[in-house]
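The values are calculated or read from the model by the stated rules, or taken from the named source; none is laboratory data. Keep in mind that what you see is a predicted model, and the values were worked out from it rather than measured. Cβ placement follows ideal geometry from the backbone for every residue including glycine, while neighbour counts extend to all protein chains displayed.
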Amino acid sequence: MSQKNYSRIIGTGRYLPEKIVTNVDLEKKVDTSDAWIRERTGIEQRHIAADDQTTCDLAEQASLKALEMAEIEASEIDLIIVATTTPDKTFPSTACLLQQRLAIHGCPAFDIQAVCSGFVYALSVADQFIKTGMAKCVLVVGSETLSRITNWSDRNTCVLFGDGAGAVLLQASEEAGILSTHIHADGQYEDLLHVPSGVSKLPKTDSIEERTMAMRGNEVFKMAVNTLSRIAKETLDANGLQKEDIDWLVPHQANLRIINGTAKKLKLSPEQAVVTVHKHANTSSASVPMALDEAIRDGRIQRGHMLLLEAFGGGFTWGSALIRY
Ligand code: UT7
């Protein structure tokens, strides 16, 4: 009897909220300039959720598009994993809320919190479920409303982030598939990128800084560049492959300079890196699945291509996935 041990991507989807905030709009709020933001980050605009729009709303839209592409019914899903740092509620998990929206009941559903690496973490967990036969059809979503934890008067952070969601449907298959996933964390860098308070750690004051993202950008930048090229090597080595075997780099979209630097170290042409950061800034766990969806839908990524997904973020966390699409 044949084994169905690979996780194969059968559908992808993305959703960006309607409202767009351009760099020029931000020039009116903080001491910044369109030129500075473009030059240092590559970002041109970001999408911001409406006041009544939640992370689950964005996740639902992205998931429906993935289901449509896969041409399957939601009832075929037997596991839902949502990666998010900005859940609708403390509980239930956003994955449970999403399950209810999709009108399916009974399958396991849970959230993963690994900030910008969340989607790669979720993909890795989903892959283990499929490999062991515990699941046959997994919905993996990265969805964020980072605008809710952004200090809109801090120029160091507010120009960098946006809202959005990306979804991927994985199905057990005899054909590859996810070839390997690699996930890591190092908690000692907590203070370089964090929100100082949360559910259990109460804010010490009423100040907005206690409830919003703080980042020592330059230090994070250096760590990101070094760590991402290290994990690319780890991933290729684990599969006995060379840099030339990669067709597409599908990276976390935080900063165009980081993406270009990683592509260069992998000896890829700039065109082989899927870049979407200019359109929606850093959407944390949503950025990798949104970039993947864009390049699949516009025909760049074709069946049989070799994809390297990778991400780095708060924690620090980092991870990668090598996929034969
Ligand atoms: O997704 C999780 C991982 N996150 C990342 O990977 C983000 C990593 N970090 C970065 O992308 C970059 O470090 C930033 C885009 C955040 C900053 O770029 P940078 O080239 O590292 O700039 P910097 O932090 O060294 O700051 C350079 C200057 C500073 O002014 P002085 O001290 O040189 O006078 C900043 O105050 O730029 C200033 N600055 C700004 N100026 C205009 C910082 N933010 C802004 C701004 N507009 N928005």
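For the reader, a short list of remarks on this structure follows.
- Qualifying position, being closer than 18 Å to Asp293 by Cα and either of a type outside the set (A, V, I, L, M) or free of Cβ contacts under 8 Å to residues at least 24 places away in the same chain (or both), among Gln113, Gln171, Gln100: Gln171
Residue-wise test of (1) surrounded by fewer than 21 Cβ atoms within 10 Å (Cβ to Cβ); (2) closer than 25 Å to Glu39 by Cα; (3) over 20 Å from the mean Cα position of the chain (by Cα).
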site	(1), (2), (3)
Lys136	yes, no, yes
Asp163	no, yes, no
Leu169	no, no, no
His194	yes, yes, no
Gly198	yes, no, yes
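- Counted residues, segment 243-292 - those being more than 13 Å from the ligand (Cβ to nearest atom) and over 15 Å from Gly166 (Cα atoms): 19
- Taken as a whole, the structure places Gly142 among residues that are within 16 Å of Leu58 (Cα to Cα), buried (at least 23 other Cβ atoms within 10 Å of the Cβ), of a type outside the set (S, T, N, Q) and within 14 Å of the ligand (Cβ to nearest atom).
- Sole exception among (1) under 22 Å from Tyr121 (Cβ atoms); (2) touching a residue at least 24 places away in the same chain (Cβ under 8 Å) for Thr276, by number: (2)
- Of all residues in segment 270-307 being assigned to a helix (DSSP H, G or I) and more than 25 Å from Val21 (Cβ to Cβ), the one that is nearest to the chain's Cα centre (by Cα): Ile296
- Residue list for segment 292-321, filter: crowded, with 24+ Cβ neighbours inside 10 Å and closer than 22 Å to Asn226 by Cα: Leu308, Leu309, Glu310, Ala311, Phe312, Gly313, Trp318, Gly319, Ser320, Ala321
- Residue check for Thr181: over 19 Å from Ser63 (Cα atoms), in contact (Cβ under 8 Å) with a residue 60 or more places away in the chain and in contact with a Cys (Cβ under 9 Å, 6 or more places away or on another chain): no
- Test: residue in segment 184-199 that is in a loop (DSSP other than H, G, I, E, B), away from the ligand (no atom under 16 Å from the Cβ), of a type in the set (D, E, K, R) and outside the structural domain of Val82 (by TED's automatic domain parsing): no
- For segment 234-241, the count of residues that are surrounded by fewer than 16 Cβ atoms within 10 Å (Cβ to Cβ), within 14 Å of the ligand (Cβ to nearest atom) and part of a helix (DSSP H, G or I) is zero.
- Conditions (1) touching a Lys or Arg at 6+ places or on another chain (Cβ under 9 Å); (2) surrounded by 15 or more Cβ atoms within 10 Å (Cβ to Cβ); (3) in a loop (DSSP other than H, G, I, E, B); number of the one not met by Lys267: (2)
- Count of residues meeting criterion [touching a residue at least 40 places away in the same chain (Cβ under 8 Å) and more than 14 Å from Thr276 (Cβ to Cβ)] in segment 242-266: 6
- Residue match in segment 145-154 (condition: of a type in the set (Ser, Thr, Tyr), within 19 Å of His252 (Cα to Cα) and part of a helix (DSSP H, G or I)): yes
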